[in-house]
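The values are calculated or read from the model by the stated rules, or taken from the named source; none is laboratory data. This is a predicted model, so every value here is computed, not measured. We place every Cβ from the backbone using ideal geometry, glycine too, and count neighbours over all the protein chains shown.
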Amino acid sequence: MILVVDLCFKPLSLSKYEFVDPIAGIAKRKGSEYEVVHFSELTENGIERADRIILCGTALKDGLYARRIDLFSWIRDLDKPILGICAGMQVLAAVFGGGIVPQPKIGLDGIDIVKETDLLGPPRRIEGYHLHNFGVTLPPGFDLVAGRPGEVEAFKDAERPVYGIIFHPEVRNRWIVEKFDAL
C-alpha cells in the first residue's frame, strides 16, 4: 500500500486537488492500493501498514510543513521506499540534516540527471515542471541525482530507497510515480 501524504496547510484544502489527488490518481490508474492522509493526521499504524510513502507538494504560499518538521522525525528510522516531491523533498532534506533555501522557479525547464538510479534511470536530460519558492541543500549521506551543487533537482539516500525531487512528476513525468510504485 502506498501512503500518499498531504502536506497542504490543512486537511481537504483546495491545494489537495492540485498537488495530492493527481499523485493518488496515478496510483489508482496503475491499480495500486493507496491511502491519502494529511500530515497532521498520520498515525504509527498508518505508517507501519504502508509499503512505500510519497510526500506530496503543496501551494507556493503554503509553508506550514516546514515549520512542523518535528512531525516528520519518524522518517529517519523508516526502512521503506520514500519519495518526496517538492515540499516533500524539502521535508526529507530538513529531516536528514540538509536545508530549505530560497529558490523560486515556475514553469517547464530542463533537468539534468547526473547519476543513474532505479527511480530516474541513466544520466540524461528530461523536462520537468517546477512550482516552488524553495529548494534544498543536499543532506549528509545523500547523492546528487539531478541538477548541480546549489540547485538540487533530485537526490537519493546513498544507502536506502529515499528519493527527493523538486519538480512535479504529476504534471509532466507521471512515469516517475509509476516507477516508484515498482521499487
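Annotations
- Residues satisfying the stated conditions in the range 54-87, i.e. of a type outside the set (A, V, I, L, M, F, W, C) and surrounded by 13 or more Cβ atoms within 10 Å (Cβ to Cβ): Gly57, Thr58, Asp62, Gly63, Tyr65, Arg68, Lys80, Pro81, Gly84
- Qualifying residue in the range 133-147 (condition: part of a helix (DSSP H, G or I) and in contact (Cβ under 8 Å) with a residue 24 or more places away in the chain): no
- The range 15-34, subset part of a loop (DSSP other than H, G, I, E, B) and more than 15 Å from the chain's Cα centre (by Cα), residue surrounded by the most Cβ atoms within 10 Å (Cβ to Cβ): Ser32
- Any hit, the range 129-152, residues being closer than 22 Å to Tyr34 by Cα and modelled with pLDDT of 95 or more: no
- Of all residues in the range 153-176, those satisfying the criterion of being assigned to a helix (DSSP H, G or I) and over 10 Å from the mean Cα position of the chain (by Cα) are Glu170, Val171, Arg172, Arg174, Trp175, Ile176.
- One residue alone among Glu153, Glu170 is touching a helix residue (DSSP H, G or I) at 6+ places or on another chain (Cβ under 6 Å), buried (at least 17 other Cβ atoms within 10 Å of the Cβ) and of a type in the set (D, E, K, R), and that residue is Glu170.
- The condition of being more than 19 Å from Glu170 (Cα to Cα) and over 16 Å from the mean Cα position of the chain (by Cα) holds for Lys10.
- Close contacts from the range 1-14, counting a first residue that is farther than 24 Å from Pro81 by Cα and assigned to a loop (DSSP other than H, G, I, E, B) and a second that is modelled with pLDDT of 90 or more and of a type in the set (A, V, I, L, M), with Cβ to Cβ under 6 Å and a gap of 6+ residues or different chains, come to Phe9/Leu64.
- Asp112, sole failed condition from (1) under 17 Å from the mean Cα position of the chain (by Cα); (2) in contact (Cβ under 8 Å) with a residue 40 or more places away in the chain; (3) closer than 15 Å to Leu144 by Cβ: (1)
- Tallying residues that are loosely packed, with under 14 Cβ neighbours inside 10 Å and either touching a Phe, Trp or Tyr at 6+ places or on another chain (Cβ under 6 Å) or part of a helix (DSSP H, G or I) (or both) within the range 35-53 yields 5.
- Looking only at residues in the range 88-142 that are under 21 Å from Phe72 (Cα atoms) and out of contact with any strand residue (DSSP E or B) (no Cβ under 7 Å at 6 or more places or on another chain), the one that is surrounded by the fewest Cβ atoms within 10 Å (Cβ to Cβ) is Pro140.
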